[in-house]
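Data first, discussion second: the structure below is written as structure tokens.
The values are calculated or read from the model by the stated rules, or taken from the named source; none is laboratory data. Note that the structure is a prediction, hence the values are computed from the model and not measured. With ideal geometry, Cβ positions are generated from the backbone for all residues, glycine too; neighbour counts draw on all protein chains shown. Remember, those area values only see protein heavy atoms, side chains included, never the ligands or the DNA or RNA. Shrake-Rupley method; radii C 1.70, N 1.55, O 1.52, S 1.80 Å.
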Amino acid sequence: MIKAGSGYSEAENSIDAAKDAAKEAMAQAQIPKADWAMVFCTFPHRANYEEILKTVCHLAQTSNVTGCSAIGVLSNRGEVEARPGVVVLVVSSEKITPNPFMIYQLGAGGTKAGEEIGELLKPSKNGDNSILALLPDPFHIHPELLFKGIESKLGHIPIVGATASEDPQITDTFEFYGDTVASGAVSGILLEGDFTSYVDITQGCQLIGPPCVVTGANKNVISELDGEPAFEVLKKRIPNGIIEDPMDILRLLFVAFPPDPNQKDITGSDYLVRNLIGLDQKSGYIAVPQNVKEGQVIGFTLRNPEMAREDLKQMLSRAVSSQKPGNPYSFGLYFNCCARGTSLYGHQGIDTAYISSALGGLPFIGFFGNSEFAPILDKNHFFTYTGVLVLFSDG
């Protein structure tokens, strides 16, 4: 049986915050000792990350701790952004084997780190039921290259998580393993055993209009969509008022790619949101951050708080309906984009309020990352402007 608990503290004193969050998590789980724990801390605690980890390891009585720094953290008790915050999750289960790790290999943009993680975890991966949570440094690791390296050694394995975040004024993030703090690294945990996991995503940017077919392109520059100048097609999708300022187009409108470039349609929430990186009204060209080919399908999305709330509710409805009778969810993780939260809704705590309302007192924690990870159609992808919800229950 899985026993889990979460703790949350906004105390300014780092040691007090760690104690409060860890004690609350252990009390909720009703366990004397955790098998593993996860910790996320906001950047005002940066000078004391190591002391926070030592405190959590001591109170949870485990060195199997993973986590990272964040611009904001969250739990079933709420969210805190850009202020002191610590969240802790503790878990105990005879049927879940935790394998936390830290990798410092930064060569080849993440491929070497992935290969090293794969080699490290290969002896531990004994069964088919596993899930891998990754927390890499976004300034040194490209998620897709990291996935490629891991899968070259382990084969396909579901990957969830997010890139670490920090104070936007600096270009460092911090990764946690046990009571060790590193920068420019990848921390994570492989979970294996007899358990059930449910993964779903909610999009902060919603599709506007039907998908388009690329009918003219050169590398990452699209000249035609559906046989018309690309910008003219884009202009037809733009809500009134945005077209007056091209900078607003780049700020509010995004491109949606299907998970598989050979797909002929984009359905539901299964799409990858990427920024528009340029447009030319005179030539009709638009530029996207990856190469495209003629015949490929793309869509356009709008960053909109009301539409995002509706998509969040739909995701939670799916999660509730997927819960097996007599086997409720035991705990969860929620990896939220740093472009959501207050910057999306204008209010703090929206996502966690909806999650708690749908899932009751389920213990969960998470943080606001720079990009998020989840599998779609049996392939791992990195996302932007999304929330990734991961729920666990007994097998």
Within-14-Å neighbourhood charge of Gly107 [Cβ basis; K, R +1; D, E -1]
-1
Note the angle between two axes, namely the Cα long axis of helix 111-121 and the longest principal axis of the Cα atoms of the chain, as a number of degrees from 0 to 90, rounded to the nearest 10.
30 degrees
In degrees, nearest 10, range 0 to 90: what is the angle between the Cα axis of helix 350-359 and the longest Cα principal axis of the chain?
60 degrees
Any lysines with Cα under 18 Å of the Lys122 Cα? List them, leaving off those in the same chain fewer than 8 positions away.
Lys112, Lys148, Lys153
So what is the relative contact order of the chain, in percent, for Cα pairs below 8 Å that sit 6 or more residues apart?
20 percent
Percent relative contact order of segment 147-251, based on C-alpha pairs within less than 8 angstrom and at least six residues apart?
9 percent
Could you tell me whether segment 323-390 comes out rounded, prolate or oblate from its Cα gyration tensor? Rule is a ≥ b ≥ c as square roots of the eigenvalues, rounded for a/c under 1.5, then prolate if a/b exceeds b/c, otherwise oblate.
oblate
Can you tell me the orientation of helix 49-60 relative to the chain, as the angle in degrees between its alpha-carbon axis and the longest Cα principal axis, to the nearest 10?
50 degrees
Any lysines with Cα under 23 Å of the Lys23 Cα? List them, leaving off those in the same chain fewer than 8 positions away.
Lys3, Lys33, Lys54
Report P(r) for segment 201-242: all Cα-Cα distances, bin width 10 Å, range 0 to the bin holding the largest distance, values in whole percent.
25, 45, 28, 2
So what is the accessible area of the chain per residue, in Å², with the probe set to 1.4 Å?
39 Å²
Anchor Lys282: lysines whose Cα lies under 25 Å away (excluding residues fewer than 8 positions away in-chain):
Lys219, Lys235, Lys236, Lys293
Between His58 and Gln30, what length comes free when the chain is fully extended (0.36 nm per residue of separation minus the Cα-Cα distance, one decimal in nm)?
8.5 nm
Anyone know which of Asn13, Asn129, Asn240 comes out most mobile in the 10 Å Cα GNM of the chain?
Asn240
Only Cα pairs within less than 10 Å get springs; with that Gaussian network setup on the chain, which residue of Leu74, Leu344, Leu134 has the largest fluctuation?
Leu344
Taking just the C-alpha trace of the chain, give me its Rg and Dmax in Å.
21.0, 68
More than 29 Å apart: what percent of Cα pairs in segment 128-283 qualify?
38 percent
Of the trypsin sites (Lys or Arg not before Pro) in segment 289-323, those whose Cβ has at most 11 other Cβ within 10 Å and which sit in DSSP loop:
Lys293
Can you tell me how segment 33-123 classifies by the Cα gyration tensor, rounded, prolate or oblate, using a/c under 1.5 as the rounded cut?
oblate
What are the semi-axes of the equivalent ellipsoid of segment 271-395, taken as the square roots of 5 times the eigenvalues of the Cα gyration tensor, listed largest first and rounded to whole Å?
32, 18, 12
At most 14 other Cβ atoms within 10 Å and a DSSP loop assignment: could you name the trypsin sites (Lys or Arg not before Pro) in segment 90-140 that fit?
Lys95
